[in-house]
1. For the stretch 154-190, give me the residue count where each residue is acidic (D, E) and more than 26 Å from Y245 (Cβ to Cβ).
2. Restricting to the stretch 244-273, give me the number of residues that are modelled with pLDDT of 95 or more and touching a Ser or Thr at 6+ places or on another chain (Cβ under 9 Å).
3. Can you run down the residue pairs with Cβ atoms below 9 Å, 6 or more apart or on separate chains, where the first is in the stretch 166-178 and assigned by TED's automatic domain parsing to the domain that holds I116 and the partner is basic (K, R) and surrounded by 14 or more Cβ atoms within 10 Å (Cβ to Cβ)?
Amino acid sequence: MSNESIDRVGVIGSGTMGSQIAMVCALAGYPVVLHDIEGECLNKAIGSLQGHMNRRISKGKLTSDEVEQAFQMITISTSLNDLKEVDLVIEAVIEKLDVKRELFAKLDQICPKHCIFATNSSTIVSSKISDATHRPEAICNIHFFNPALVMDLVEVVKGPHTSEKTATKAIQFVESIQKTPVLLQKEISGFVANRILGKLMDEAVFLLENGYASHEEIDLVCTKALNHPIGPFALMDLTGIDVNYYVRKQRFEESGNEADRPARIVEEKVNKGELGRKTGKGFYSYQS
């Protein structure tokens with residue numbers, strides 16, 4: 001293992017994002033430790049990945065041998081100590097700042113001094129986490145889009161604490177896993193894509209809450225008139241309505257601006273546990 005190269009990767013959080021990021025890295029030939037505090041979540045993640053990979057095999061996009069080799073590159077673990085030899089950690093846990101800070105402080109004591117810490121968050125910038133460690137220069141955002149197995153672009157974001165060396169290594173890593181990196185030289189919540197998308201989401205929710213059109217009709221307009229691949233409500237179901245809620249809640253707590261408060265209809269969905277595809281119901285039903 002060289003201090004100048006990324007040879008082993010750790011991914012923390014085995015939800016949709018974390019598990020798919022781990023598989024992207026494994027397919028590119030990286031040994032990966034996929035960590036979660038719940039063993040059941042890890043087993044569920046592997047089962048989900050097997051489904052994704054089987055579909056790729058059936059479509060001729062991958063061979064059985066390639067898939068088998070990728071799974072052999074992934075080690076699942078419920079112990080953070082198993083990340084003691086990785087060169088890059090990508091965190092993909094819940095969008096709560098205190099959880100991330102506590103996690104990074106623990107990793108700081110476990111991982112090698114040269115290890116880069118990256119958060120996949122697109123709303124919690126790394127400067128809010130970096131001082132929880134003794135290596136602020138090695139902290140950045142590496143933001144994959146959902147679904148990570150499919151989406152090509154990855155946003156790499158430098159904080160004022162992030163060294164040029166860390167940014168360069170992050171960009172090179174993204175290229176090595178066959179993704180297209182975009183480097184943001186300054187932090188801003190939401191980065192590029194989600195700041196633009198957020199405006200669309202806000203307007204879609206406004207139109208729904210005020211009775212101008214149904215969520216189905218709004219999605220139809222976006223896909224048929226704007227040529228978007230998926231409508232805003234279907235997209236919220238895909239990424240998790242709770243993710244949208246926590247992002248807005250965090251923003252509101254920071255700004256105090258009523259315009260940043262989570263939308264009533266989104267909060268109601270979260271309170272009902274209707275979080276989208278992962279719970280079988282969101283704005284749409286997925287029970288079948």
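The values are calculated or read from the model by the stated rules, or taken from the named source; none is laboratory data. Since the model is a prediction, treat every value here as computed from it, not as a measurement. Cβ coordinates were reconstructed from backbone atoms using ideal geometry, including for glycine residues, and neighbour counts include every protein chain displayed.
1. Taking the stretch 154-190 as the starting set, the residues that turn out to be acidic (D, E) are 155, 164, 175, 187.
From what is left, the residues that are more than 26 Å from Y245 (Cβ to Cβ) are 164, 175.
Final tally of qualifying residues: 2.
2. 1
3. T166/K158; A167/K158; A170/K158
A quick yes/no check of all residues on (1) surrounded by 15 or more Cβ atoms within 10 Å (Cβ to Cβ); (2) free of Cβ contacts under 8 Å to residues at least 12 places away in the same chain; (3) in a loop (DSSP other than H, G, I, E, B); (4) out of contact with any strand residue (DSSP E or B) (no Cβ under 7 Å at 6 or more places or on another chain):
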position: C222; (1), (2), (3), (4): yes, no, no, yes
position: L226; (1), (2), (3), (4): no, yes, yes, yes
position: A234; (1), (2), (3), (4): yes, no, no, yes
position: D237; (1), (2), (3), (4): yes, no, no, no
position: V243; (1), (2), (3), (4): yes, no, no, yes
position: Q250; (1), (2), (3), (4): yes, no, no, yes
position: V266; (1), (2), (3), (4): yes, no, no, yes
position: V270; (1), (2), (3), (4): yes, no, no, yes
position: E274; (1), (2), (3), (4): yes, no, yes, no
